[in-house]
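Here is the structure we will look at, set down as structure tokens.
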Amino acid sequence: MQLPAFKEGQYVHEAPTVDDLMQDESINPELRKVILRGRDMFINTQQFRDEYVFNDLNCKNCHMGEGRLNWSGPVWPAATTLPDFRGKNQHVNSLEERIAGCFSFSMNGKPPEYGSDDMLALAAYHQWLAKKAPVYETNIGGRGFSHLGREMPAETSYEGGEQVYREHCARCHGTDGQGVRLSEQTVFPPLWGDGSYNWGAGMTRVFTAASFIKNNMPLGKPGSLSDQQAWDVALFINSHERPQDPRYTGDARETREKFNNFHKFTMYGTEFNGQVLGQHDNTGTKPFLKPDALRPRSFE
């Protein structure tokens with residue numbers, strides 16, 4: 001394993017395990033039930049297929065190690081750094097709203113209602129993972145998916161990524177990118193198409209996918225690909241079609257421009273093989289475009 005070193009001065013948190021939870025006598029048994037419920041939702045999000053989730057993903061697919069692992073988008077920092085302003089939607093977000101965003105984009109669905117039992121369980125799980133972590137400490141080691149930087153190297157190529165995918169990814173995610181299912185259960189998730197994350201998901205940003213791939217893939221061999229291989233295969237994956245961005249205006253190029261702070265890092269709204277990526281009305285298997293949870297907020 002060749003994971004990056006933490007930078008000097010960064011706070012590094014070791015999130016607790018489920019064994020820690022079961023052995024912690026200070027936690028009320030009713031709270032323990034709620035945390036375990038949130039953990040179960042996080043690991044097996046597909047139990048809410050066609051309710052909250054309309055693709056083939058579970059939360060754990062992007063936030064590996066039950067959402068605990070550094071360098072794999074650990075989820076506990078959301079509990080220690082929010083509420084805070086978020087560039088993606090240009091307003092101050094709560095923890096519940098951050099979770100709702102994942103359901104709306106990465107799961108191509110709609111979130112549990114704010115304040116509901118299911119949302120409480122998910123928030124409780126996030127907050128428990130943050131146990132003993134300082135509040136509003138933002139210089140966090142292993143957080144997020146931007147280790148490789150945000151600017152795609154000029155030499156990054158679709159063709160190079162196709163070769164990397166064929167040699168290192170296809171065995172798990174399929175030659176067609178549709179993943180592997182056994183007994184109607186998704187074993188390895190699809191990376192494009194109706195069963196994958198939609199065009200508004202953070203993973204569509206090429207730098208996000210590249211850093212995730214570099215530090216987590218191939219499964220069991222993190223850090224084994226070169227930086228350039230990670231960039232190439234991230235570009236390849238994210239040059240394939242997927243369900244529509246819930247913020248779609250009816251024109252992909254217009255939507256790209258409207259949300260350029262996000263889409264300037266994606267391939268959405270750009271021309272590829274004579275087609276404009278994202279110029280379609282396909283929402284995957286969900287019967288709507290935008291969930292009600294995606295709404296602006298202003299204190300003016």
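Brief remarks on what is shown
- The stretch 164-182: number of residues that are without any contact (Cβ under 8 Å) to a residue 24 or more places away in the chain, open to solvent by 30 Å² or more (accessible area, probe 1.4 Å) and not basic (Lys, Arg): 6
- Taken over the stretch 79-112, the residue count meeting the criterion of being assigned to a loop (DSSP other than H, G, I, E, B) and over 17 Å from residue 297 (Cβ atoms) is 6.
- Matching residues, the stretch 203-227, being crowded, with 23+ Cβ neighbours inside 10 Å and among the aromatic types (Phe, Trp, Tyr): 212
- Scan of the stretch 70-89 for residues that are touching a helix residue (DSSP H, G or I) at 6+ places or on another chain (Cβ under 8 Å) and either touching a residue at least 60 places away in the same chain (Cβ under 8 Å) or of a type in the set (A, V, I, L, M, F, W, C) (or both), ordered by number: 71, 72, 73, 74, 75, 76, 78, 79, 82, 87, 88, 89
- Checking 266, 270 one by one, the residue that is among the hydroxyl-bearing types (Ser, Thr, Tyr) and either closer than 14 Å to residue 281 by Cα or out of contact with any strand residue (DSSP E or B) (no Cβ under 8 Å at 6 or more places or on another chain) (or both) is 266 and no other.
- Single match in 266, 270, 249 (criterion: open to solvent by less than 10 Å² (accessible area, probe 1.4 Å) and among the polar types (S, T, N, Q)): 266
- Meets criteria (open to solvent by 40 Å² or more (accessible area, probe 1.4 Å), at pLDDT 95 or above, on the phi < 0 side of the Ramachandran plot and not hydroxyl-bearing (Ser, Thr, Tyr)) for residue 153: no
- Scan of the stretch 129-152 for residues that are of a type in the set (Asp, Glu) and over 14 Å from residue 209 (Cα atoms), ordered by number: 137
For every residue, the table says whether it meets (1) at pLDDT below 95; (2) closer than 23 Å to residue 141 by Cβ; (3) touching a Gly at 6+ places or on another chain (Cβ under 7 Å).
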{"residue": "6", "(1), (2), (3)": "yes, yes, yes"}
{"residue": "13", "(1), (2), (3)": "no, yes, no"}
{"residue": "20", "(1), (2), (3)": "no, yes, no"}
{"residue": "24", "(1), (2), (3)": "no, no, no"}
{"residue": "28", "(1), (2), (3)": "no, no, no"}
{"residue": "32", "(1), (2), (3)": "no, no, no"}
{"residue": "36", "(1), (2), (3)": "no, no, no"}
{"residue": "40", "(1), (2), (3)": "no, no, no"}
{"residue": "45", "(1), (2), (3)": "no, no, no"}
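The values are calculated or read from the model by the stated rules, or taken from the named source; none is laboratory data. In this text, all values refer to a predicted model and were calculated from it rather than measured experimentally. Glycine gets a Cβ as well: all are built from the backbone with ideal geometry, and neighbour counts include every protein chain shown. We work out accessible area using only protein heavy atoms, side chains counted, and drop any ligands, DNA or RNA first. Shrake-Rupley method; radii C 1.70, N 1.55, O 1.52, S 1.80 Å.
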